[in-house]
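One structure below.
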Amino acid sequence: MPELPEVETVARGVDARVRGDRIVDVWLGSHKQPFKTPAVKQAKDLEGRTILGVARVGKHIVMSLGGIAQGKPLKKDVKREDVTAQWIVHLGMTGRLLVTTPEAEIAPHTHARLTLHSGKEIRFVDPRRFGRLEFRELSKSSGFEAPGAEPLRIEAEAFAALFKGRKLAIKAALLNQSLLAGVGNIYADESLNRAGIRPRRRAGALTRKELEQLRVALSEVLTQAIKLGGSSVSDYVDANGVKGFFQLEHRVYQRTGEPCRTCKTSIRRIVVAGRSTHYCPTCQK
DNA sequence: CATTTCACCTGGTGGC
DNA sequence: TGCCACCAGGTGAAAT
């Protein structure tokens, strides 16, 4: 499901519903994947902690946790020093992070259930198990940081520098999370289309003007997608189980053979970096 | 080091 | 209906 706009939507939705609540009971499944640390240890680490906030970093959802506490859950105002641990959720291809009532039916492929003091549950569901669940104690490791730059914050010069001298296809470069954090297959294709750039162009051969068009197009398409709750291509839903609407705005992604919305040329599908890639041969040079 | 390929999983779709 | 090939929002290890 999940690229930057979808992950942002999920993180905001979870944050709105569980911030200040406390984890009182944890059930984790028995598969090796998606647990980066053994499930039994992870469950023990999570129990009793207050949820101080939930935010997106790249394609990761980072839940900030306080120390183990008894009594009433509390506080909406969080100080950085209150955060002693993090629970990091990556949704992979098919992961869902849902906030539900305890009575809600348990979906197949549910791998984690966190029962909260309020009675709500946080559930992680992931059929393909490409997702990852990781617990980090901040006394033992540093806080989670994405290796790549945030596409919505990076400025023109830094953006251009990312691609300088690179021989790989611009599409492959956009997908590289250590350059830009959060861009996936949908928004790579959509931003290249809006910037008028063919996906197979060598990243290092793009002009400064083209790179700036790309940066702006990417920023706009991500911003618009967040506003519409992300793209629901097959089964993506937000923390409340609600689909997004940005798939209605797609100009090329999964529109092979359909007419370009600008020039009517048939949208073409190729494979770049091992991924389906869609573009308009007329509008993109 | 930069780049490419492939394995990791399950489920849906469409052809025969 | 069954079987099979192919495809899917991602990534990290191994190969080149």
(Q) Looking at the stretch A:79-99, I want the residues that are at positive phi and have a partner that is assigned to a strand (DSSP E or B) and within 16 Å of DNA strand B (Cβ to nearest atom) with Cβ atoms under 8 Å, at least 6 apart or on another chain. Which pairs are those? (A) A:GLY92/A:ARG132
Q: Assess whether A:PRO127 counts as being within 12 Å of DNA strand C (Cβ to nearest atom) and part of a loop (DSSP other than H, G, I, E, B).
A: yes
Q) Can you tell me which residues in the stretch A:13-24 are touching a Lys or Arg at 6+ places or on another chain (Cβ under 8 Å) and touching a residue at least 60 places away in the same chain (Cβ under 8 Å)? A) A:ARG17, A:VAL18, A:ASP21, A:ARG22, A:ILE23
Q: Inspect the stretch A:195-208 for any residue being assigned to a helix (DSSP H, G or I), of a type in the set (A, V, I, L, M) and under 19 Å from A:GLU6 (Cα atoms) and give the result as yes or no.
A: no
Q. What number of residues within the stretch A:164-175 are on the phi < 0 side of the Ramachandran plot and either surrounded by fewer than 20 Cβ atoms within 10 Å (Cβ to Cβ) or touching a residue at least 60 places away in the same chain (Cβ under 8 Å) (or both)?
A. 8
(Q) Quick check on the stretch A:180-197. Is at least one of its residues within 12 Å of DNA strand B (Cβ to nearest atom) and at pLDDT 95 or above? (A) no
Q.
If I filter the stretch A:230-245 for residues that are at pLDDT 95 or above, farther than 28 Å from A:GLY95 by Cβ, more than 16 Å from DNA strand B (Cβ to nearest atom) and out of contact with any strand residue (DSSP E or B) (no Cβ under 9 Å at 6 or more places or on another chain), do I get at least one hit?
A. no
Q.
Which count do you get for residues in the stretch A:1-35 that are over 17 Å from A:ARG123 (Cα atoms) and either modelled with pLDDT under 95 or not in a helix (DSSP H, G or I) (or both)?
A. 3
Q. For the stretch A:100-129, what are the residues that are within 16 Å of DNA strand B (Cβ to nearest atom) and free of Cβ contacts under 8 Å to residues at least 24 places away in the same chain?
A. A:GLU105, A:ILE106, A:ALA107, A:PRO108, A:HIS109
Q: Would you mention how many residues in the stretch A:86-98 are out of contact with any Asp or Glu (no Cβ under 7 Å at 6 or more places or on another chain), aliphatic (A, V, I, L, M) and assigned to a strand (DSSP E or B)?
A: 3
**Q.** Counted residues, the stretch A:227-285 - those being more than 9 Å from DNA strand C (Cβ to nearest atom), assigned to a strand (DSSP E or B) and closer than 22 Å to A:LEU206 by Cβ
**A.** 4
Q. Which residue out of A:ALA158, A:ALA112, A:ALA146, A:ALA172 is assigned to a helix (DSSP H, G or I) and under 21 Å from the mean Cα position of the chain (by Cα)?
A. A:ALA172
Q: Tell me, yes or no, whether the stretch A:247-257 has at least one residue that is over 24 Å from A:PRO5 (Cα atoms), surrounded by 13 or more Cβ atoms within 10 Å (Cβ to Cβ), modelled with pLDDT of 95 or more and not polar (S, T, N, Q).
A: no
(Q) I'm trying to understand the selection: among the residues of the stretch A:36-53, which are more than 16 Å from DNA strand B (Cβ to nearest atom) and not in a loop (DSSP other than H, G, I, E, B)? (A) A:VAL40, A:LYS41, A:GLN42, A:ALA43, A:LYS44, A:ASP45, A:LEU46, A:ARG49, A:THR50, A:ILE51, A:LEU52, A:GLY53
Q: Evaluate the following for A:ARG132: is it assigned by TED's automatic domain parsing to the domain that holds A:GLN33, within 14 Å of DNA strand C (Cβ to nearest atom) and either within 27 Å of A:GLU81 (Cα to Cα) or in contact (Cβ under 8 Å) with a residue 40 or more places away in the chain (or both)?
A: yes
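The values are calculated or read from the model by the stated rules, or taken from the named source; none is laboratory data. All values derive from a computational prediction rather than experimental measurement. Cβ sites come from the backbone with ideal geometry, for glycine too, and all protein chains shown count toward neighbours.
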